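Undergrad: The structure that follows is given in the form of structure tokens.
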């Protein structure tokens, strides 16, 4: 079937197999390897992408579901001011997630900051249970997200 | 559900009217909202999809969430995460706990309440709480609209009471104030319903130390829900806390016998846990005050 989607700000029209996962479409058709493949069951959370500004698991999303939608992966998100807020926040507290979960953590942080610029520790911890990777200290993660929130607040006030 | 090896027919309507017409023309089409139940446990490179799919994601009418003083209106394609995001001012603590237990947080951004209620072969994790809160579903077809309480969504034997041309479009949850509530999950997993899990929901109202309303329901890995309204009325009018009163003992005995007769629980452990939770809740319900 033919679908049209906005992928990282670029209109794409392509003929796909309806049973293809969004994850595989991104990785193998478009070569966007920042979205990682994990369990394919929706547990690990490594494959998060933004679909119409909502965080979704690309492994549990069929590619046809993105028809007329807007998909943002870590590759498209990189280079935006919102990405730099998060990167700066992470670096300031020396929070460095592993290469496998980093993209999902950045997008999840972005999703949290879109909801509120004052995320509580409890809310951050709860939301990050969506990513199973245990590569870093959770208290450092909370600090990093709150730092990123502070940077974004500052930038938005400056604007 | 029928699966085929050829490409599935996928219909993506943009309005509810169009969706209802498509559902009438293709009654066997599987309604697709979040798709989490359909795609769960498929680890292959390609997804196995039903022969035809009616995808609801582009219908804005079904993606609305509203709250009045007396009820919460949830569109069929509103994600669990979006309902949870509404916060404590909109959601009661019981509803928030129940929704958090439906699926893991990673899946909650996609899973929908409408989808959870319309799984054909078993009652999912939202059923017991929706039962107890007396939620209603708006069911629409090209022939008209009807409202069905969640209690009537399944037959006594567990079949989903939906015509092939019908779609659940909205869920209405009454926002009553309960003086105490309990939502417990028994089993090895924290989310959803698995073969060894059991969900127990208890709510009650009191007036001047007297039990004026009491409801409880059990859900497990089956198409049925356990709820006995006759037994619920046994304790109405009793003075709280019940402690070790004869009324409570008689009530627990009646529940035990009824559960045995209906063969609802799979083990003695589950029975003991259910009775223990009921006893501890009713002995002193104010420790679970809302």
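Read-outs throughout are calculated quantities, based only on the coordinates presented, and are distinct from any laboratory measurement. All figures in this text were calculated on a predicted structure; none of them were measured in a lab.
Undergrad: Normalised radius of gyration for region B:180-288, please: alpha carbon Rg relative to 2.2 N^0.38 Å, two decimal places.
TA: 1.04
Undergrad: With the radius of gyration and the Kirkwood radius both derived from the Cα set of region B:123-203, what is their ratio Rg to Rh?
TA: On the Cα set of region B:123-203, Rg over Rh gives 1.02.
Undergrad: Report the Cα centroid-to-centroid distance between region A:62-91 and region B:42-117 in angstrom, as an integer.
TA: About 23 Å separates the Cα centre of region A:62-91 from the one of region B:42-117.
Undergrad: Another question about this same structure. Roughly how tilted is helix A:138-158, in degrees to the nearest 10 and between 0 and 90, from the longest Cα axis of chain A?
TA: The angle comes out near 90 degrees.
Undergrad: Using the Kirkwood formula over every pair of different C-alpha atoms, what hydrodynamic radius in Å results for region B:1-131?
TA: When all Cα pairs of region B:1-131 are included, the Kirkwood radius is 15.8 Å.
Undergrad: Then there's this: What angle, in degrees between 0 and 90 and rounded to the nearest 10, separates the Cα long axis of helix B:268-283 from the longest principal axis of the Cα atoms of chain B?
TA: The angle comes out near 60 degrees.
Undergrad: Another question, if that's okay. P(r) tail for region A:32-159, what percent of Cα pairs lie past 25 Å?
TA: 20 percent
Undergrad: Here is a follow-up. Please find, in a Gaussian network model of chain B (springs between Cα atoms separated by less than 10 Å), the residue of B:46, B:264, B:127 whose mean-square fluctuation is greatest.
TA: B:46
Undergrad: Could you tell me how many cubic angstrom of Cα convex hull volume chain B has per residue?
TA: It is 136 Å³ per residue.
Undergrad: Kindly give the semi-axes, whole Å and largest first, of the ellipsoid equivalent to region B:9-55, taking each as the square root of 5 times a Cα gyration tensor eigenvalue.
TA: Each semi-axis is √(5λ); the values are 23, 10, 8 Å.
Undergrad: Moving on. In whole Å, what is the distance between the alpha-carbon centres of region B:131-161 and region B:252-290?
TA: Comparing the Cα centres of region B:131-161 and region B:252-290, I get a distance of 27 Å.
Undergrad: Return the inverse of the average 1/r over all pairs of distinct C-alpha atoms in region B:60-174, which is the Kirkwood hydrodynamic radius, in Å to one decimal.
TA: Hydrodynamic radius (Kirkwood, Cα pairs) of region B:60-174 is 14.2 Å.
Undergrad: Pick out which of A:31, A:45, A:89 has the largest mean-square fluctuation in a Gaussian network model of chain A, springs linking Cα atoms closer than 10 Å.
TA: Among A:31, A:45, A:89, the largest mean-square fluctuation in the Gaussian network model of chain A belongs to A:31.
Undergrad: Here's a follow-up. Take every Cα-Cα distance within the protein assembly as shown, group them into 10 Å bins from 0 onward, and report for each bin the whole-number percent of pairs it holds.
TA: 4, 20, 27, 25, 16, 7, 1, 0
Undergrad: Go ahead and set up a Gaussian network model of chain B, Cα springs under 10 Å, then flag whichever of B:195, B:135, B:111 fluctuates most.
TA: B:195
Undergrad: In addition: Using DSSP, restrict attention to beta bridges with both residues in the protein assembly as shown and report what percent are antiparallel, rounded to the nearest 5.
TA: 90 percent
Undergrad: Cα axis of helix B:246-262 to longest principal axis of chain B: angle in degrees, 0 to 90, nearest 10?
TA: The answer is roughly 40 degrees.
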